[in-house]
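Asks: Mind looking over this structure? Questions follow.
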Amino acid sequence: MDATALFKSRSSVRKYKPQVIADKIIDDILDCARLAPTARNVQPWLIGAVTDKSLLKKLGSMVETGPFIANAAVCFAVFTQKNEKYYLEDGCAATLSIILACQAHGLGSCWVAGDKKSYIEDARKLLNVPEGYTLVALVPAGYPAEAAAPHPKKPKEEVTFKDRKI
Ligand SMILES: Cc1cc2nc3c(=O)[nH]c(=O)nc-3n(C[C@H](O)[C@H](O)[C@H](O)COP(=O)(O)O)c2cc1C
């Protein structure tokens, strides 16, 4: 699949097969994440991959909008240094890279909010991430247990423009 077809075929997936994901795939996804752009190339992040079942269960019960994390084969966790001005943008760049790398490997995934949520400190402590880092996003992933239902998107003409908005 070419890169743009990959972007266009992506949809959030929240149901996963129990099938284990090979370490080399998880490593490749982490590699894609850490190559994402960052403001001034600071790369102010710690990006984790959680595969331990008890940690996945704990994350799933911690995150009320992401109980399906408990059934994921892996959950990526993007932390960035909160004293960095562009901590959120940088973390979002890595998060999207994770999602698209998952798609490239045939995995379904879903962005689960981290930043602004009350559990970010609990998640940091659970994953033994040093103080000073804050959770930007969790990305549970796995081989899809169902076909992703594409969500309706606004018409291109409504939400994009060339040169000047008419
Ligand atoms: C910043 C952000 C936070 C999100 N948080 C959650 C979440 O907590 N739980 C969830 O199930 N989906 C979450 N999503 C996924 C969105 O619901 C999903 O992307 C949106 O409905 C569009 O569907 P699509 O990804 O299939 O295009 C989040 C997406 C973004 C970008």
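The values are calculated or read from the model by the stated rules, or taken from the named source; none is laboratory data. Since the structure is predicted, the reported quantities are computational estimates derived from the model, not experimental observations. No Cβ is skipped: glycine too gets one built from the backbone with ideal geometry, and neighbour counts run over all protein chains shown.
Asks: Taking the condition buried (at least 21 other Cβ atoms within 10 Å of the Cβ) and in contact with a helix residue (DSSP H, G or I) (Cβ under 9 Å, 6 or more places away or on another chain), does Gly142 pass?
Replies: yes
Asks: Residues that are part of a loop (DSSP other than H, G, I, E, B), surrounded by 16 or more Cβ atoms within 10 Å (Cβ to Cβ) and in contact with a helix residue (DSSP H, G or I) (Cβ under 8 Å, 6 or more places away or on another chain): does region 20-31 have at least one?
Replies: No: zero hits.
Asks: Filtering region 51-71 down to residues that are outside any loop (DSSP other than H, G, I, E, B) and in contact with a Pro (Cβ under 9 Å, 6 or more places away or on another chain), which residue is surrounded by the fewest Cβ atoms within 10 Å (Cβ to Cβ)?
Replies: Ser61
Asks: Kindly list, by first and then second residue, each pair from a residue in region 72-99 that is part of a helix (DSSP H, G or I) to a residue that is within 12 Å of the ligand (Cβ to nearest atom) and among the polar types (S, T, N, Q), limited to pairs with Cβ atoms under 9 Å and residues at least 6 apart or on different chains.
Replies: As it stands, the answer is Ile98/Ser109; Ile99/Ser12; Ile99/Ser109, since those pairs meet every condition given.
Asks: I want to confirm something. Restricting to region 109-131 and keeping residues that are within 16 Å of the ligand (Cβ to nearest atom) and assigned to a loop (DSSP other than H, G, I, E, B), which single residue is nearest to Ile21 (Cα to Cα)?
Replies: For region 109-131, the residue satisfying everything is Cys110.
Asks: Any residue in region 101-118 that is at positive phi sitting within a Cβ distance under 8 Å of a residue that is assigned to a loop (DSSP other than H, G, I, E, B) and surrounded by fewer than 20 Cβ atoms within 10 Å (Cβ to Cβ)? List the pairs, counting only those 6 or more apart or interchain.
Replies: Gly106/Tyr143
Asks: Same structure, new question: Residue by residue through region 51-72, note down the ones that are within 15 Å of Ser109 (Cα to Cα) and within 16 Å of the ligand (Cβ to nearest atom).
Replies: Answer for region 51-72, where residues must be within 15 Å of Ser109 (Cα to Cα) and within 16 Å of the ligand (Cβ to nearest atom): Leu56, Gly60, Thr65, Gly66, Pro67, Phe68, Ile69, Ala70, Asn71, Ala72.
Asks: Specify which of the listed residues (Gly106, Gly114) is modelled with pLDDT of 95 or more and out of contact with any His (no Cβ under 7 Å at 6 or more places or on another chain).
Replies: Only one candidate qualifies: Gly106.
Asks: Another question about this same structure. Restricting attention to region 137-166, which residues are within 9 Å of the ligand (Cβ to nearest atom), closer than 21 Å to Ile98 by Cα and either assigned to a loop (DSSP other than H, G, I, E, B) or among the basic types (Lys, Arg) (or both)?
Replies: Result: Ala148, Ala149, Pro150, His151.
Asks: Those residues that are within 16 Å of the ligand (Cβ to nearest atom) and more than 14 Å from Ile98 (Cβ to Cβ), I need them from region 8-50; list them, please.
Replies: Lys8, Ser9, Ser11, Arg14, Lys15, Tyr16
Asks: Still on this structure, please answer the following. Please verify whether Asp90 is among the acidic types (Asp, Glu) and either away from the ligand (no atom under 16 Å from the Cβ) or surrounded by fewer than 18 Cβ atoms within 10 Å (Cβ to Cβ) (or both), treating the condition exactly as stated.
Replies: When the stated conditions are applied, Asp90 does not pass them.
Asks: Condition test on Thr134, is it assigned to a strand (DSSP E or B), of a type outside the set (A, V, I, L, M), surrounded by 15 or more Cβ atoms within 10 Å (Cβ to Cβ) and touching an Asp or Glu at 6+ places or on another chain (Cβ under 6 Å)?
Replies: no
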